[in-house]
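The values are calculated or read from the model by the stated rules, or taken from the named source; none is laboratory data. Because the structure is predicted, anything quoted here is derived from the model rather than measured. Please note: Cβ atoms are built from the backbone with ideal geometry, for glycine as well, and neighbour counts cover all protein chains shown.
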Amino acid sequence: MNEPELEQLAQRLGARAAERLDVERTAQAVVTRLREAPRVSVVTRLWMQPAWLKVAATVVLLLGASAVTRGVWYRERLAPAGGEAAAAGLNELSTDQLQRLLEIVDQATDEAAPLSPADASLDDLTAPQLRELLRSLEG
Amino acid sequence: MPHAEPVAAVPTDAALIAAWQGGDEQAAAQLVRRHARALARFLAGAGAPDADVDDLVQETFIRAFRGVDRFRGQCRFRTWLLTIGGNVLKDAVRRARRAKVVPLADELRATDGDPHERAVAGEAEGRLREGLGRLSRMQREVFLLRAQQGLEYDEIAAALGTSPGAARVHYHHAVKRLKEHLA
């Protein structure tokens, strides 16, 4: 079979299906469907695809799991920070305020207990402990 | 001396599209009347089962009218419509494959359930359908747009988003493979 014969054959292809088609009925059916079904935007149509719904559900699950994990991690990280908060408070004092604080502390009971910042707040520290802490903060 | 009846101007596709965009349903109906048979031939040639051609034609027009804002006259409306028909057919085949496990080539070859009609249509036509079912989608559509619909390569290339040279190559590959199949 040569090319022109092949083209002739191709032109006959689908001829019966085309003849059988009731064009007027098809035209009316199309118009009716256009009238009845609301026009859906491209975005909405994308979201209506099952694949997109699966992707969206996966993303929501991942975001939820990540939020929960981050919440737990933050709580664990912030819990032992009491002593650090006290030290951070000292950082905000001026030199004059620090000197006055030292004077006040000097008047208090002189007790040489080992420094244990993990379980101590500023109010609980003894004079030597505070002095040591101040020295370390002043460098 | 008899007066010649004034011939009513036939509205162009572009005018009908504009009218449809303006809300004229009859303009849409007229576009369906104008292009439905060519679309049916294309779909049947591309492997649509005869029983489904009517539904596929309707679905193609619905998609085309809803997405007509994307048609910018890069090719003729009919050519654009045929490429949408190709997408509609591809989706239908995919849905059918999901519903029952049938190889794509077999699905496309199963074009008519009536053996008598198939016999009437002729063996060569049936074998051509078989051969088309074995081509890639691009080769099949380029072949049908060129051989069945008589389009130029420029027009085919614009509709299928390829170059005229590539369309020509696809056509020649399709012809070569179809000749081998029909030999």
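Here are the numbers:
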item: Residue that is nearest to the other protein chains (Cβ to nearest Cβ) [pool: residues in segment B:63-83 that are aliphatic (A, V, I, L, M) and crowded, with 20+ Cβ neighbours inside 10 Å]; result: B:A64
item: Meets criteria (surrounded by 10 or more Cβ atoms within 10 Å (Cβ to Cβ) and modelled with pLDDT under 80) for A:L101; result: yes
item: Tally, over segment B:142-169, of residues that are assigned to a loop (DSSP other than H, G, I, E, B), within 14 Å of chain A (Cβ to nearest Cβ) and among the small types (G, A, S); result: 1
item: Within segment A:36-62, considering residues that are exposed (fewer than 10 other Cβ atoms within 10 Å of the Cβ) and in a helix (DSSP H, G or I), the one modelled with the highest pLDDT; result: A:E36
item: Residue in segment B:12-28 that is under 20 Å from B:N87 (Cα atoms), in contact (Cβ under 8 Å) with a residue 12 or more places away in the chain and more than 9 Å from chain A (Cβ to nearest Cβ) present; result: no
item: Subset of segment B:130-150 (residues that are in contact with a helix residue (DSSP H, G or I) (Cβ under 7 Å, 6 or more places away or on another chain) and either over 14 Å from B:L82 (Cα atoms) or aliphatic (A, V, I, L, M) (or both)); result: B:E130, B:G131, B:L132, B:G133, B:R134, B:L135, B:M138, B:Q139, B:V142, B:L144, B:L145, B:A147
item: Every residue from segment B:37-62 that is in a helix (DSSP H, G or I), over 16 Å from A:V23 (Cβ atoms) and more than 8 Å from chain A (Cβ to nearest Cβ); result: B:A51, B:D52
item: Close pairs (6 angstrom Cβ cut-off, 6 or more residues apart or separate chains): surrounded by fewer than 22 Cβ atoms within 10 Å (Cβ to Cβ) in segment B:139-150, assigned to a helix (DSSP H, G or I) anywhere; result: B:Q139/B:H170; B:Q139/B:H173; B:Q139/B:A174
